[in-house]
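Asker: Encoded as structure tokens, here's the structure I'll be asking about.
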Amino acid sequence: MDQVLETGRPQLKYVQVRDYVRSVCVGAAPGTPAPSERELVNRFGVARMTVRQAIDTLVAEGTLERVRGRGTFVSRPRRRVGDLTSFTEEMRRRGLEPDSETLLAEHEAATGGVARALGLTAGDPVIHWRRLRLGSGAPVAIEDAYLNELLLPGFLLGGLPTSLYDALAARGLRPTLAEDSVAADVADATEAALLDVRVGAPVLRVSRRGLAAERPVVVARSVYRADRFTLWLHLGESD
Ligand code: GLP
């Protein structure tokens, strides 16, 4: 029987296999062989197809790579110029397991800055999703995402996703273009309590406007613990 999570939703078998393989591969040295198909078939009592589906997902997300004629291995870190990564991907790249706690998820009326950034008029409906973002259980950031509700009807129904970008991708709305602004600052009392730092501890404030097909979909304001997050930028010549 499929494992039932605390959410009450049955977990798909390939997700169980994928999460297991990811847990043994995250943090392993690049080039380490992934568990074999046969081992996974035996361990989970699932069909080979299910195992392949799990491995395919991990190859697609860049955790594993296939080497023709040799097998499947933990990937070397790759980052292309222009990568537009999610928090989930950023954590995995650092060998940390991403997680989130939803602090707030509600419908709101867009106000000034958010409305402008999303190309809306003040008062238009937005979804406000506030999360504490964790890396291997430790607080890394607080993120306030504002989504254009007109593009995402029913987003808050049926359970919130783990990764916002994955959920947007499933709707063909994953940002392909973004503008980030980054500023150094200090944590206020609310942020300090959530991030488990002292009031006045250094933080990075990152604001991102994400566009899909040139339409603004999301504006997210994140506050990162400066001691737990270094921003990596890979830059190239512009056209
Ligand atoms: C990064 C971006 C945020 C974005 C988030 C989505 O942290 N700076 O603007 O909202 O990724 O991450 P995920 O897909 O893990 O929810």
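The values are calculated or read from the model by the stated rules, or taken from the named source; none is laboratory data. Everything numeric in this text was worked out from a predicted model, so none of it was measured. Counting neighbours? That spans all protein chains shown, and the Cβs are built from the backbone with ideal geometry, glycine included.
Asker: From the list L103, L173, L177, L118, exactly one residue is closer than 24 Å to Y224 by Cα, touching a residue at least 40 places away in the same chain (Cβ under 8 Å) and buried (at least 17 other Cβ atoms within 10 Å of the Cβ). Which is it?
Answerer: Answer to the check: L118.
Asker: Within segment 185-233, how many residues turn out to be in a loop (DSSP other than H, G, I, E, B), of a type in the set (G, A, S) and more than 25 Å from L152 (Cβ to Cβ)?
Answerer: Final tally of qualifying residues: 4.
Asker: A follow-up question, please. If you scan segment 184-217, which residues turn out to be over 19 Å from A138 (Cα atoms), surrounded by 19 or more Cβ atoms within 10 Å (Cβ to Cβ) and out of contact with any Pro (no Cβ under 7 Å at 6 or more places or on another chain)?
Answerer: Residues satisfying the conditions are R208, P216.
Asker: For residues that are within 11 Å of the ligand (Cβ to nearest atom) and touching an Asp or Glu at 6+ places or on another chain (Cβ under 8 Å), tally how many sit in segment 175-204. Give the steps one after another, and end with the answer.
Answerer: Looking only at segment 175-204, we keep the residues that are within 11 Å of the ligand (Cβ to nearest atom), and these are 175, 178-182, 204.
Now drop any that are not touching an Asp or Glu at 6+ places or on another chain (Cβ under 8 Å), which leaves 204.
Residues meeting the conditions: 1.
Asker: Give the residues of segment 153-174 that are more than 30 Å from A193 (Cβ to Cβ) and assigned to a loop (DSSP other than H, G, I, E, B), sorted by residue number.
Answerer: First, pick out the residues of segment 153-174 that are more than 30 Å from A193 (Cβ to Cβ): 153-154, 157-158, 169-174.
Listed by number, the residues that qualify are P153, G154, L157, G158, R171, G172, L173, R174.
Asker: Could you please find all residues in segment 86-100 being modelled with pLDDT of 95 or more and either of a type in the set (F, W, Y) or surrounded by fewer than 16 Cβ atoms within 10 Å (Cβ to Cβ) (or both)?
Answerer: Across segment 86-100, the qualifying residue is only F87.
Asker: While we're on this one: Report whether or not R116 is among the basic types (K, R), within 22 Å of S181 (Cβ to Cβ) and in a strand (DSSP E or B). First the steps, then the outcome.
Answerer: Details: among the basic types (K, R): yes; within 22 Å of S181 (Cβ to Cβ): yes; in a strand (DSSP E or B): no.
Here the answer is no, as R116 does not meet what is asked.
Asker: Tally up the residues in segment 212-239 that are modelled with pLDDT of 95 or more, among the aliphatic types (A, V, I, L, M) and either touching a Ser or Thr at 6+ places or on another chain (Cβ under 9 Å) or more than 13 Å from the ligand (Cβ to nearest atom) (or both), please.
Answerer: The total comes to 3.
Residues are listed down the side, and each one gets a yes or a no for (1) out of contact with any Gly (no Cβ under 9 Å at 6 or more places or on another chain); (2) under 16 Å from R209 (Cα atoms):
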{"residue": "S75", "(1), (2)": "no, no"}
{"residue": "T85", "(1), (2)": "yes, yes"}
{"residue": "M91", "(1), (2)": "no, no"}
{"residue": "G112", "(1), (2)": "yes, yes"}
{"residue": "R116", "(1), (2)": "yes, yes"}
{"residue": "S136", "(1), (2)": "no, no"}
{"residue": "P139", "(1), (2)": "yes, no"}
{"residue": "L150", "(1), (2)": "yes, no"}
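Asker: Output yes when any residue across segment 27-47 is within 18 Å of the chain's Cα centre (by Cα) and touching a residue at least 12 places away in the same chain (Cβ under 8 Å), and no when none is. Spell out the reasoning first.
Answerer: At the first step, the residues of segment 27-47 found to be within 18 Å of the chain's Cα centre (by Cα) are 27.
Retained after the next criterion (residues that are touching a residue at least 12 places away in the same chain (Cβ under 8 Å)): 27.
Yes, there is a match, as at least one residue in segment 27-47 is within 18 Å of the chain's Cα centre (by Cα) and touching a residue at least 12 places away in the same chain (Cβ under 8 Å).
Asker: Next question, about the same structure. Here's a check for you: in segment 56-82, which residue that is touching a helix residue (DSSP H, G or I) at 6+ places or on another chain (Cβ under 7 Å) and of a type outside the set (D, E, K, R) is modelled with the lowest pLDDT?
Answerer: P77
Asker: Further question on the same structure: Quick check on my filter: what residues within segment 145-179 are within 15 Å of the chain's Cα centre (by Cα) and among the aromatic types (F, W, Y)?
Answerer: Y165
Asker: In segment 132-170, which residues are surrounded by 15 or more Cβ atoms within 10 Å (Cβ to Cβ) and within 19 Å of T230 (Cβ to Cβ)?
Answerer: Scanning segment 132-170 gives R133, L134, G135, P139, V140, A141, I142, E143.
Asker: Here's something else I'd like to know. Identify all residues within segment 90-99 that are more than 7 Å from the ligand (Cβ to nearest atom) and either on the phi < 0 side of the Ramachandran plot or without any contact (Cβ under 8 Å) to a residue 40 or more places away in the chain (or both); write none if there are none.
Answerer: M91, R92, R93, R94, L96, E97, D99
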